[in-house]
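Before any comments, here is the structure.
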Amino acid sequence: MTTVIKNGTIVTADLTYKADVKIDGGKIVEIGPNLTGEETLDATGCYVMPGGIDPHTHLEMPFMGTYSSDDFESGTRAALSGGTTMVVDFALPAPGQSLLEALTMWDNKSTRANCDYSFHMAVTWWSEQVFKEMETIVRDKGINTFKHFMAYKGALMVDDDEMFASFQRCAELGALPLVHAENGDVVASMSAKLLAEGNNGPEAHAYSRPAEVEGEATNRAIMIADMAGCPVYIVHTSCEQAHEAIRRARAKGMRVYGEPLIQHLTLDESEYSNPDWDHAARRVMSPPFRSKQHQDSLWAGLASGSLQVVATDHCAFTTAQKRFGVGDFTKIPNGTGGLEDRMPMLWTHGVNTGRLTMNEFVAVTSTNIAKILNIYPKKGAILVGADADIVVWDPKRSKTISSKAQQSAIDYNVFEGKEVTGLPRYTLTRGVVAIEESTIKTREGHGEFVRREPVTAVSKALSTWKEITSPRKVERSGIPATGV
Ligand SMILES: NC(=O)NCCC(=O)O
Ligand SMILES: [Zn+2]
Ligand SMILES: [Zn+2]
């Protein structure tokens with residue numbers, strides 16, 4: 001069946017123009033005036049944009065003694081409802097577990113997805129086996145990104161030598177390392193001190209992870225990547241110190257990417273002072289929410305291009321799960337939701353305030369990450385041949401965010417009560433209408449895994465430069481005899 005989106009204005013990362021879009025077999029087949037098809041979707045007054053890509057989700061993630069509560073069904077339904085048509089989740093091997101075995105576990109969970117998805121593979125330990133399996137993950141399994149946690153000591157954290165070894169392997173394979181940059185040793189030490197002093201509430205989670213903890217680790221990850229000769233992507237960049245490290249590295253010519261979250265852009269540290277324990281605990285995530293000055297830095301980074309992607313790190317725990325940490329903040333499961341609200345919140349606080357143009361909005365919610373992950377223009381584009389992952393965006397539609405009306409499985413929303421203006425009229429996943437205003441038409445299992453080939457251009461450029469500038473043995477003719 002052919003579908004035509006009529007009377008809208010196409011907005012991409014670099015163009016804004018009036019045209020209809022024709023879809024057949026899940027792909028865009030024609031763009032132009034006066035198109036016709038068997039089904040017509042009216043986009044009068046709307047912007048026709050590439051569907052959002054959220055490159056940072058944790059659906060049904062085993063973490064801190066429990067599982068995050070949105071699975072691939074509810075999580076991707078929430079995504080589509082907010083205009084996001086692809087998610088990238090993290091396959092997390094337990095320390096000692098095979099990467100391939102972990103991937104099978106994530107493959108099994110994702111069969112319920114309503115929209116397309118892909119995985120990053122985490123490197124949570126290091127051995128000859130991990131070294132070898134990384135190649136299979138890239139070449140056979142279509143995954144070109146490896147995640148490293150510098151935090152969560154005693155659980156997911158890797159040390160510098162492991163990270164350096166893994167980054168070097170990424171360089172060989174044309175893969176991109178991702179890093180959760182917080183100094184896990186310092187966090188562990190500060191947490192123990194705070195607890196010993198009786199500081200056990202959710203606000204102490206933020207006290208234990210100041211911006212310096214993130215700035216130091218971000219800089220370290222960037223320097224290690226530079227020595228390994230690979231690009232690096234810093235997830236959930238939340239503060240000026242981390243942004244500064246990214247900015248500085250980019251100015252020196254390093255391929256470094258930074259990803260602020262919608263939560264860090266729009267919610268601040270005052271949330272942790274709320275007298276209601278549940279309110280504060282529901283907002284416990286790592287890194288924690290920061291001050292308004294840090295938020296200004298992140299917005300400036302998006303506008304100037306030193307930060308490239310807005311994600312959610314969607315990792316949703318119910319209030320009951322958060323209460324595991326009553327009396328000990330280190331036991332509050334870390335994570336917040338946001339999949340459904342990322343696009344409307346960013347449009348409202350970015351485009352509607354003049355902090356971002358519409359084209360920049362498309363760039364940071366879709367096109368930039370599609371390019372970084374090497375899936376452009378299959379995803380992230382309104383072009384003939386691209387997947388018809390499209391959001392028809394109505395800039396006048398408004399709502400007040402409420403957990404009562406959300407798709408996410410949890411019992412609250414960190415954006416509760418916020419007014420948003422700018423919402424999907426239609427969300428299409430590979431040509432199928434999944435959302436029509438407030439009507440949910442998602443199909444469980446419709447989502448497909450998106451293969452991602454190695455990023456050969458960047459790794460070839462970096463390895464060529466590395467080879468040319470590598471240290472060389474100095475050849476000497478007159479070597480003195482040893483001893484006397
Ligand atoms: N961010 C967070 O607090 N939870 C999810 C896991 C992670 O990304 O660190
Ligand atoms: Zn993280
Ligand atoms: Zn995460």
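The values are calculated or read from the model by the stated rules, or taken from the named source; none is laboratory data. None of the values given here were measured: they were computed from a predicted structure. Positions of Cβ are backbone-derived with ideal geometry, glycine not excepted, and every protein chain shown enters the neighbour counts. Please note that ligands, DNA and RNA were not included when accessible areas were found on the heavy atoms of the full protein model with its side chains. Shrake-Rupley method; radii C 1.70, N 1.55, O 1.52, S 1.80 Å.
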May I ask you to list pairs of residues, at least six apart or on different chains, whose Cβ atoms are under 7 Å apart, with the first in the range 59-88 being on the phi > 0 side of the Ramachandran plot and among the small types (Gly, Ala, Ser) and the second being more than 16 Å from ligand 2 (Cβ to nearest atom) and modelled with pLDDT of 95 or more?
-> 65/324; 83/51; 83/52; 83/343; 83/391; 83/393; 83/424; 83/427
Subset of the range 430-480 [within 24 Å of the chain's Cα centre (by Cα), of a type in the set (S, T, N, Q) and open to solvent by 80 Å² or more (accessible area, probe 1.4 Å)] = 456
Flag for residue 136 being in contact (Cβ under 8 Å) with a residue 24 or more places away in the chain, within 14 Å of ligand 1 (Cβ to nearest atom) and closer than 18 Å to residue 97 by Cα = no
Top-ranked residue in the range 273-300 [being open to solvent by less than 10 Å² (accessible area, probe 1.4 Å) and over 17 Å from the mean Cα position of the chain (by Cα); ranked as nearest to residue 55 (Cα to Cα)] | 284
Filter result (hydrophobic (A, V, I, L, M, F, W, C) and within 13 Å of ligand 2 (Cβ to nearest atom)) within the range 141-157 = 149, 150, 151, 155, 156, 157
Could you check the range 177-286 for helices (runs of 4 or more DSSP H) lying wholly inside it with 2 or more residues that are more than 26 Å from residue 343 (Cβ to Cβ) and within 16 Å of ligand 1 (Cβ to nearest atom)?
-> 184-196, 203-207, 211-228, 277-282
From the list 24, 14, 89, 42, which one is touching a Leu at 6+ places or on another chain (Cβ under 6 Å) and of a type in the set (D, E, K, R)?
-> 89
Restricting attention to the range 301-310, does a residue exist that is within 16 Å of ligand 1 (Cβ to nearest atom) and open to solvent by 10 Å² or more (accessible area, probe 1.4 Å)?
-> no
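Hey, does the range 383-394 have a residue that's among the aromatic types (Phe, Trp, Tyr), in a helix (DSSP H, G or I) and either open to solvent by less than 20 Å² (accessible area, probe 1.4 Å) or more than 23 Å from residue 3 (Cβ to Cβ) (or both)?
Just the residues of the range 383-394 that are among the aromatic types (Phe, Trp, Tyr), to begin with: 393.
Now narrow it down to the ones that are in a helix (DSSP H, G or I): none.
Among the residues of the range 383-394, not one is among the aromatic types (Phe, Trp, Tyr), in a helix (DSSP H, G or I) and either open to solvent by less than 20 Å² (accessible area, probe 1.4 Å) or more than 23 Å from residue 3 (Cβ to Cβ) (or both), which makes the answer no.
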Go through (1) touching an Asp or Glu at 6+ places or on another chain (Cβ under 8 Å); (2) open to solvent by 30 Å² or more (accessible area, probe 1.4 Å) and name the single condition residue 331 misses.
-> (1)
Would you mind stating whether residue 40 is among the β-branched types (Val, Ile, Thr) and not in a loop (DSSP other than H, G, I, E, B)?
-> yes
